Amino acid sequence: MILLAVYLESVGKNVTQIHPVPHLATVESAKQIRIESESAITGNRCYWNMQDERTQGRRWVLSSFEETRSAAAEIANVAKRTLSIYTLDLEPGLFDHDEFLNVAKRLVLSKRYGRIRVLISDPYRASRNGNRFVAVGRRLNSSIEFRNVHEDYKEHREAYIIADDTALLYRGDSTRWEGIADTYEPAVAKRYLKQFDEIWVASETAREIRELRV
């Protein structure tokens, strides 16, 4: 489970603020906004410094399905080698939208070593829904692989997309659309990629996907 907190450093006093991301609502006196995440697997803390001086990439907060759908395609478009996706149920309307599918197909068809890995935490829920991403995965099964999250990791509620080890879209609650996206945050991306890799190795091929309606 990922615990999140947002800290706002205001000048001279503590304030409380409603943030568009749920459960990210603690505000304390400091000089920066940062998002802190703590992994139950690694115990690591990851920070997005929301007011640092950017030299490359961009970071933005997501508060709706439409924003998340657009951000998913933008983050995926950063990938030059791999996409690593942790999802509840393949999220119809997100991963089977043309904008994302076009980016995904371009990655695996135009890049010699392009690869997409998908971890599904609720495969039975996914199997009840049609999803065009699955159809693409079947056609390009040497480059796109789906696995069911191992039972030992089912407590994880988050959802995320990691492009290479550089960019990511993160939602603390996979049942909600609020989150944060960053096209260049390698330190945070690598931490979540390490978590993803651990779960990937422990998980098995998603057999339900073979029977999924598309």
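Report the gain in length on full extension from Asp122 to Asp98: 0.36 nm times residue separation, minus Cα-Cα distance, nm rounded to one decimal.
6.3 nm
Taking amide H positions as placed 1.01 Å from N in the peptide plane, with prolines and chain starts having none, which residues 5 or more places from Arg115, or on another chain, fall under 5 Å of its amide H?
Thr82, Leu83
What full-extension length gain, to one decimal in nm, is calculated for Asp152 and Arg138 as 0.36 nm per residue of separation minus the Cα-Cα distance?
2.3 nm
Using the Karplus curve 6.51 cos²θ - 1.76 cosθ + 1.60 with θ = phi - 60°, what ³J(HN,Hα) values do you get for each residue of region 196-204, in whole Hz, with x for Gly and Pro?
4, 4, 4, 5, 4, 4, 7, 9, 10
Under the Karplus relation 6.51 cos²θ - 1.76 cosθ + 1.60, θ = phi - 60°, what is the ordered set of whole-Hz ³J(HN,Hα) values for region 64-78, x standing for Gly and Pro?
With the stated coefficients, region 64-78 comes to 8, 4, 4, 5, 5, 4, 5, 5, 4, 5, 5, 5, 4, 5, 6 Hz.
Short version: ³J(HN,Hα) in whole Hz for each residue of region 153-166, in order, from phi by Karplus 6.51 cos²θ - 1.76 cosθ + 1.60 (θ = phi - 60°), x for Gly and Pro, what are they?
Whole-Hz 3J(HN,Hα) from phi for region 153-166: 10, 5, 6, 6, 9, 6, 9, 7, 10, 10, 9, 6, 10, 10.
Kindly identify region 117-162 as rounded, prolate or oblate by the Cα gyration tensor criterion: order the square roots of the eigenvalues as a ≥ b ≥ c, call it rounded if a/c is under 1.5, otherwise compare a/b with b/c, prolate if a/b is larger, else oblate.
Here region 117-162 falls in the prolate category.
For region 55-211, rounded, prolate or oblate, judged on the Cα gyration tensor with a ≥ b ≥ c (square roots of eigenvalues), a/c < 1.5 rounded, else prolate if a/b > b/c?
Because its axes are fairly even, with a/c under 1.5, region 55-211 counts as rounded.
Rule-based calculations on the coordinates, nothing more; no lab input. Quick caveat, the model's predicted, so the values are computed rather than measured.
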